[in-house]
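Here's the structure we're looking at; comments come further down.
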Amino acid sequence: MENRTTVFYVDDNPKSSRLLTSVLEECGFRVITKNDPIEALALCQRTSFDLALLDYEMPAMSGSKLAQEIKYLAPDVPVVLISGRTTLPPSELAFVDAHFGFGTVLDDLLWTMRILVQPKLVTLEDHVAGQREITRWADST
């Protein structure tokens with residue numbers, strides 16, 4: 001069984017897509033690539049992945065809109081948006097966990113992707129609250 005992080009990468013530029021896919025795979029990620037955001041959305045509904053990496057400017061559907069649709073289907077999946085712009089309006093980032101624009105260092109993108117898919121740590125407070133819920137449930141049965 002493969003234990004690599006699966007990245008769902010959508011970019012309408014085939015050349016950019018091939019290059020970044022190659023880099024991501026060399027860094028240990030498993031990559032599912034689509035060049036059309038509409039096709040990507042359809043595939044999203046029938047496949048599982050750990051992180052979505054989306055290009056911002058694409059025909060038919062922007063990366064921001066695709067991020068919104070992905071969050072609707074899989075709310076816990078982190079979404080990273082990449083663009084050729086240094087900044088984007090906050091409204092374009094509402095469903096995005098991280099944005100990397102012009103001048104981004106590849107190492108920063110890779111580090112952020114790894115951080116976003118790390119399992120969430122359970123704190124002692126979470127554990128105690130969970131135990132209380134189990135006790136309440138057991139008492140009510």
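Bear in mind these aren't lab numbers, they're just calculated from the coordinates by the rules spelled out. Because the structure is predicted, anything quoted here is derived from the model rather than measured.
The table below gives the values:
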{"item": "Cα gyration tensor shape of region 17-124, rounded if a/c is under 1.5, else prolate or oblate by comparing a/b with b/c", "result": "rounded"}
{"item": "Relative contact order of region 18-77, pairs being alpha-carbon contacts under 8 Å that are 6 or more residues apart, as %", "result": "29"}
